[in-house]
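What follows is a single structure, written as structure tokens, with notes after it.
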Protein chains: 2
Amino acid sequence: MSKPIDFQITGSDGEARTGTITTRRSLIETPVFMPVGTQGAMKGIRFEWLEDEMDARIILGNTYHLFLRPGIETIRKLGGLHKFSTWDRSILTDSGGFQVFSLTDLRKLSEDGVEFRSHIDGNKCFLSPEISMEVQNILDSEIAMAFDECPPGDAGYEATKKSLELTVRWAKRSKKRFDEVQSEPGAVATGLFSSRNPVATAPGSDLNGKQALFGIIQGAGHFDLRTESLERTVEVGFDGYAIGGLSVGEEKSVMYSVLEHTVPKMPKEAPRYLMGVGTPEDLLEAVSQGIDMFDCVMPTRNGRTGGVFTSAGKINIRNARYTEDPSPLDAECGCSVCRRYSRAYLRHLYQAGEMNAAILISHHNVAFYLNLMRNTREAIGVGNFPAFKRNFLARLTENEPLGV
Amino acid sequence: MSKPIDFQITGSDGEARTGTITTRRSLIETPVFMPVGTQGAMKGIRFEWLEDEMDARIILGNTYHLFLRPGIETIRKLGGLHKFSTWDRSILTDSGGFQVFSLTDLRKLSEDGVEFRSHIDGNKCFLSPEISMEVQNILDSEIAMAFDECPPGDAGYEATKKSLELTVRWAKRSKKRFDEVQSEPGAVATGLFSSRNPVATAPGSDLNGKQALFGIIQGAGHFDLRTESLERTVEVGFDGYAIGGLSVGEEKSVMYSVLEHTVPKMPKEAPRYLMGVGTPEDLLEAVSQGIDMFDCVMPTRNGRTGGVFTSAGKINIRNARYTEDPSPLDAECGCSVCRRYSRAYLRHLYQAGEMNAAILISHHNVAFYLNLMRNTREAIGVGNFPAFKRNFLARLTENEPLGV
């Protein structure tokens with residue numbers, strides 16, 4: 001039977017592993033970092049750079065934001081998020097749940113779903129597992145996410161347990177409605193093979209052209225609840241599994257121990273996605289536990305405030321020490337920003353309030369993350385991942401050792 | 001005797017003319033629009049696009065802004081504005097005067113120069129003809145401008161006359177100090193021929209590697225003062241001549257009649273530069289009077305607020321009528337933005353507060369201006385400029401006829 005995505009493991013080194021995810025729109029090498037294009041654009045970075053220079057194969061779109069603006073009817077009329085935004089490679093959409101639950105004062109939770117007020121105009125809106133599946137189907141992403149409830153990072157046992165139960169019931173409803181919309185006429189995407197997408201799957205492959213759906217494991221910092229959530233989510237059955245509810249305010253040690261506890265129990269034959277994480281160190285730690293996919297706004301968000309990721313640690317371009325520094329952001333980076341522009345020039349642009357500072361630093365940061373994953377895959381491929389990780393971490397304090 | 005720039009007239013159609021300006025860094029075809037890179041960057045547009053796609057040969061840098069930030073000592077240490085910013089083709093720098101005179105409340109004018117307070121930190125600063133020449137020499141622009149006083153557009157006769165006299169005295173002092181700094185050791189730029197600059201003059205040509213200096217004609221809306229300013233500026237002797245003090249608040253008919261009066265009297269064998277102008281219509285009008293060079297912030301400034309120049313007139317992307325419009329900004333434009341993105345998408349980015357709206361619209365606008373000048377040169381070349389201009393103007397009311 002044909003399937004929506006194909007996942008193959010191509011190598012491993014300890015728990016760390018390399019693989020390929022083939023979607024109807026692109027071949028993705030894992031471990032992969034998915035840059036976040038919240039509102040259908042990568043903040044400050046034109047798609048041309050993501051395609052031609054960075055060769056990103058998959059990006060993230062946020063259902064909550066696009067649902068509110070431009071609105072799902074507009075995107076439907078314009079042919080889905082790919083056609084609307086012109087990004088022809090793969091897209092993963094989140095379910096909208098995480099953003100809604102961030103609106104603490106603006107929402108009302110029920111068994112049915114979540115009522116909330118739009119952060120844009122205050123209008124009353126409603127999201128449910130069913131609506132989320134319908135919206136993600138119209139967005140036309142390659143990978144959709146189940147609609148879950150995400151408790152706070154420091155949630156107590158009982159609250160987490162109750163939330164987990166709801167998430168499991170919503171996972172079943174998500175799956176049911178997802179399967180229905182996949183079977184409706186017009187649900188199979190068309191026009192997948194474009195000139196901008198040389199890495200797309202050739203027509204005639206084993207894929208069925210439909211969306212894939214990932215389930216989400218919750219349970220906060222409670223190991224047994226993580227296990228329970230994992231087992232019951234796998235029981236529902238998804239094309240891939242995500243770990244949610246980490247990097248939401250808890251201690252870093254909690255995240256790492258939850259990963260250590262949970263990841264080995266996840267199905268080996270499906271992609272494993274750690275949502276919303278994280279720093280370069282977090283990525284390497286999670287890869288070493290067997291995670292395949294990541295997304296995070298850090299590269300672009302930091303880029304807009306002058307934060308720069310480098311192979312010698314994070315720096316902040318506002319620091320006066322860079323005023324006359326002719327060196328690139330990262331001497332070991334081969335991105336188009338590091339090949340051309342100096343720290344002195346980028347600091348000047350930042351200080352002068354020029355948006356080109358955000359444009360260029362965000363570009364470097366995303367390139368840095370994608371290169372880190374490229375190097376990670378290579379290290380796993382040659383069985384050198386532990387040493388690669390050790391060396392990478394050892395160098396992170398060379399720049400601005402007191403942090404930024 | 002070798003010279004700093006070489007200007008050749010290559011064709012004409014009425015008063016309109018085509019030509020080439022060869023500087024030590026690039027070959028510039030005229031009439032030319034020079035995009036404005038105020039602080040050493042083009043707001044929202046990476047130099048890569050200006051070079052590779054738009055093939056801009058010369059841009060503008062603002063002495064006032066760079067003098068204050070990052071400061072001239074920083075730029076000197078980093079090897080001048082080209083090396084600092086990585087823009088390898090030609091740069092024209094203004095004298096700083098225009099910006100200082102815009103700070104009405106913050107300046108004190110004397111025969112010697114202008115004392116003013118920095119708009120950044122309120123510190124007391126001083127600019128004079130001599131200092132402006134020294135600063136522009138350190139900036140290392142191909143074309144420097146004389147330090148002038150710019151009276152308001154509606155200045156009365158006596159005030160304009162008095163200002164004009166000062167501008168002539170300052171023109172002489174500018175010329176004197178300019179010549180001195182050109183002869184100082186290290187004044188001749190080095191490292192002019194880079195891989196990013198395939199259009200640079202070959203070493204061994206007739207150019208002397210020094211900067212060129214343009215004089216500025218003032219006189220507000222008073223014809224006889226314009227004539228007097230022109231004659232006395234030409235008497236001082238410059239490599240090119242600019243018309244200043246237009247598009248500063250006066251009626252459009254005043255600008256056009258000043259051009260009609262002044263341009264035919266300007267030396268034919270030197271480049272003629274209309275400073276800070278203007279709309280596409282203004283450019284064509286001025287070209288028809290014999291102007292060769294333009295600069296204006298409109299393409300990028302409008303781009304940041306959603307204003308789009310098109311061959312059917314200006315539109316504003318905020319307009320709700322574009323919400324579901326799948327067509328490009330300008331169907332006749334071949335720029336990378338119009339080849340890829342829709343009005344609907346760009347409007348969404350603007351409404352969502354994404355900086356990519358400014359990035360993409362500014363890109364199109366600058367490309368539109370550069371293409372307009374390319375088409376203008378072609379029309380002059382084939383003796384079809386009057387019809388070209390007539391057709392262009394006739395179409396400008398097709399979009400949003402009531403204006404934006």
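The values are calculated or read from the model by the stated rules, or taken from the named source; none is laboratory data. Since the structure is predicted, the reported quantities are computational estimates derived from the model, not experimental observations. No Cβ is skipped: glycine too gets one built from the backbone with ideal geometry, and neighbour counts run over all protein chains shown. Calculation scope for accessible area: heavy atoms of the full protein, side chains included, ligands and nucleic acids excluded. Shrake-Rupley method; radii C 1.70, N 1.55, O 1.52, S 1.80 Å.
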Looking at the range B:257-273, which of its residues are buried (at least 17 other Cβ atoms within 10 Å of the Cβ) and more than 20 Å from B:Thr30 (Cβ to Cβ)?
-> B:Val258, B:His261
In this structure, is B:Ala286 among the small types (Gly, Ala, Ser), over 26 Å from B:Leu103 (Cα atoms) and assigned to a helix (DSSP H, G or I)?
-> yes
Working carefully through the options B:Gly19, B:Gly11, find the one that is more than 12 Å from chain A (Cβ to nearest Cβ), in contact (Cβ under 8 Å) with a residue 60 or more places away in the chain and either open to solvent by less than 10 Å² (accessible area, probe 1.4 Å) or assigned to a helix (DSSP H, G or I) (or both).
-> B:Gly19
Taking the options A:Leu192, A:Leu213, A:Leu246, A:Leu230, name whichever one is farther than 26 Å from A:Thr160 by Cβ, open to solvent by less than 60 Å² (accessible area, probe 1.4 Å) and either modelled with pLDDT of 95 or more or assigned to a loop (DSSP other than H, G, I, E, B) (or both).
-> A:Leu192
All conditions in (1) part of a helix (DSSP H, G or I); (2) within 14 Å of chain B (Cβ to nearest Cβ); (3) within 23 Å of A:Met293 (Cα to Cα) are true of A:Trp87 except (1)
Cβ pairs under 6 Å, 6+ apart or interchain, first in the range B:360-374 and on the phi < 0 side of the Ramachandran plot and away from chain A (no Cβ under 14 Å), second assigned to a helix (DSSP H, G or I) and of a type in the set (Gly, Ala, Ser), ordered by first then second residue, are B:Asn365/B:Gly303
Could you check how many residues of the range A:128-170 are within 30 Å of A:Ser85 (Cα to Cα) and open to solvent by less than 10 Å² (accessible area, probe 1.4 Å)?
-> 15
Picked from the range B:274-304 (must be more than 13 Å from the chain's Cα centre (by Cα) and aliphatic (A, V, I, L, M)), the residue surrounded by the fewest Cβ atoms within 10 Å (Cβ to Cβ) is B:Leu284
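Okay, residues lined up against (1) part of a helix (DSSP H, G or I); (2) more than 10 Å from every other protein chain (Cβ to nearest Cβ):
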{"residue": "A:Met34", "(1), (2)": "no, yes"}
{"residue": "A:Gly40", "(1), (2)": "no, no"}
{"residue": "A:Glu48", "(1), (2)": "yes, no"}
{"residue": "A:Ala56", "(1), (2)": "no, yes"}
{"residue": "A:Ile59", "(1), (2)": "no, yes"}
{"residue": "A:Arg69", "(1), (2)": "yes, no"}
{"residue": "A:Thr74", "(1), (2)": "yes, no"}
{"residue": "A:Lys83", "(1), (2)": "yes, no"}
Could you check, for the range B:309-325, whether at least one of its residues is within 14 Å of chain A (Cβ to nearest Cβ), at pLDDT 95 or above and crowded, with 19+ Cβ neighbours inside 10 Å?
-> yes
Out of the range A:326-353, which residues are within 13 Å of chain B (Cβ to nearest Cβ), open to solvent by 10 Å² or more (accessible area, probe 1.4 Å) and among the aliphatic types (A, V, I, L, M)?
-> A:Ala352
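Go through the residues of the range A:105-127 one by one and say whether even a single one is among the aromatic types (Phe, Trp, Tyr), within 14 Å of chain B (Cβ to nearest Cβ) and touching a Leu at 6+ places or on another chain (Cβ under 7 Å).
Looking through the range A:105-127, none of the residues is among the aromatic types (Phe, Trp, Tyr), within 14 Å of chain B (Cβ to nearest Cβ) and touching a Leu at 6+ places or on another chain (Cβ under 7 Å).
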